[in-house]
Amino acid sequence: MGMNEPVPGLAAGAVEGPWYHPTGNEVALFEQCHARGLAVMLKGPTGCGKTRFVEHMAWKLGRPLITVPCHDDLAASDLIGRFLIQHDGTVWQDGPLTRAVREGAICYLDEVVEARQDTVVVLHALTDHRRILPIDKTGEVLQAAPGFQLVISYNPGYQRMLKDLKPSTRQRFVAMDLDFPPPELEARIVQHESGVDQAAANGLVSLAERIRQLRDRGLAEVPSTRLLIAAGTLMASGIPLREACYAAIVSPLSDESSMVDALRDLVDATFV
Ligand SMILES: Nc1ncnc2c1ncn2[C@@H]1O[C@H](COP(=O)(O)OP(=O)(O)OP(=O)(O)O)[C@@H](O)[C@H]1O
């Protein structure tokens, strides 16, 4: 989701909110962190439900949500704001973090480990008792409005050797581990999100279980709940089961022919 875009499902499903099925005690834990102004770090593999969880919690807590996808070019000014040159001078424009601080929104920094270290450091004064955001360029020091909460996501397996969060940053967050849900629950999620029938959802999850065992045998990324939902969506729209799995699970996971063959064999064994 891009910066500043509305939360999907919020307008359409405002009564029910973005659907999220808890996998443990994460809802109560998040609520307590929110009430006490504690920043949260969501740890977990790609596509396991971190973003959906934040969307759900923002809705549940009645706070606006401002999402920022992080990347290695993300500068502090992309978060805080900058002066824009106009015909009659310059005007200051708040960045997404500053807006969240002023509005008392939940600010979600997706894949924060991608951001430059000097960018991450601007978060520090917001994550302790001060709850302030100094804006050097305007000389302002903003006090975070009630309801402001910082949430970051972090995929511990991804690029582990290359990038990591500094301990001084990590220790400013309450960490919550979100992993793929247990099989029965993951099947329910796949069924709900894709509209596929129960038998096919169970099949997709047992396929995922088998493929996830290949993690240490040459498969860099294992299939996420998101991939299973994509395959289920194709199935529900009439694409034959195996074809849907080849397109939505096997091909996105690997380009290497021996691995692709092994994955296809697993698909064929699951959906005989
Ligand atoms: N517990 C859950 N309840 C409801 N839906 C879920 C749950 N877990 C996963 N999903 C589904 O999986 C999809 C992918 O999850 P999401 O986009 O939240 O992953 P993510 O962990 O934020 O991934 P990334 O790290 O790639 O951003 C969601 O759109 C949702 O359909």
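Where a number appears in this text, it was derived from the coordinates with a stated rule and is not lab data. The model shown is predicted, which means the values in this text are computed figures rather than measured ones. Positions of Cβ are backbone-derived with ideal geometry, glycine not excepted, and every protein chain shown enters the neighbour counts.
The HN-Hα couplings worked out from phi for region 84-90 by the Karplus form 6.51 cos²θ - 1.76 cosθ + 1.60 (θ = phi - 60°) are 9, 8, 10, 4, 10, x, 10 Hz, whole numbers, x standing for Gly and Pro. Model label points for D197 and Q86, set 7 angstrom from Cα along the Cα-to-Cβ axis, are 6.0 nm apart. In the chain, the longest principal axis of the Cα atoms and the axis of helix 257-270 are about 70 degrees apart. Near the amide H of L142, within less than 5 Å, lie the amide hydrogens of L133, I135, all on another chain or at least 5 residues away, with H placed in the peptide plane. With Cα atoms as the point set, region 183-270 shows a radius of gyration and Dmax of 11.8, 34 Å. Close amide H contacts of V68 (hydrogens built in the peptide plane, cut-off under 5 Å, sequence separation of 5 or more or a different chain): Y108, L109, D110.
Cβ-to-Cβ counts within 10 Å put R215, R82 in ascending order as R215, R82, the fewest first.
The lysines within cross-link reach of K166, meaning a Cα-to-Cα straight distance under 16 Å and a gap of 8 or more places when in the same chain, are K43. Stretching the chain fully between S251 and D216 yields a gain of 10.7 nm (0.36 nm per residue, less the alpha carbon separation).
One chain, two ends: R130 and A175. Fully extended at 0.36 nm per residue, the span grows by 14.2 nm beyond their Cα-Cα distance. Across region 123-138, the residues whose backbone nitrogen lies under 19 Å from the label position 7 Å along the beta-carbon direction of L38 are 124-132.
Principal-axis analysis of the Cα atoms of the chain puts helix 225-236 at an angle of about 50° to the longest axis.
With each label modelled as a point 7 angstrom along the Cα→C-beta vector, the L29-R242 pair spans 4.2 nm.
Using the 10 angstrom Cβ neighbour count as an exposure proxy, how do R130, R264, R217, R172 rank, fewest first?
If I rank by nearby Cβ atoms, fewest first, I get R217, R130, R264, R172.
Computed over the chain, the per-residue total of -39500 (n - 2.57) for DSSP H runs of n ≥ 4 gives a 222 nm mean residue ellipticity of -10500 deg cm²/dmol, rounded to 500. Relative to the longest principal axis of the C-alpha atoms of the chain, give the angle of the C-alpha long axis of helix 26-35, reported between 0 and 90° and rounded to the nearest 10°. On a 0 to 90 degree scale, this one is about 0. Out of every Cα-Cα pair that the chain contains, those further apart than 32 angstrom amount to 32 percent. Considered as an equivalent ellipsoid built on the Cα gyration tensor, region 89-158 has semi-axes of 22, 15, 12 Å, the largest given first. Taking amide H positions as modeled 1.01 Å from N, with prolines and chain starts lacking one, no residue 5 or more places away or on another chain lies under 5 Å from C48.
Sorted ascending by nearby beta carbons within 10 Å, beginning with the fewest, Y108, Y20 become Y20, Y108. Taken along its principal axes, the alpha carbon cloud of region 26-177 reaches lengths of 49, 36, 26 Å, longest axis first. Using a Förster distance of 22 angstrom, determine the FRET efficiency expected from the C-beta separation of S77 and S168, and round it to 0.05. Once rounded, the FRET efficiency stands at 0.50.
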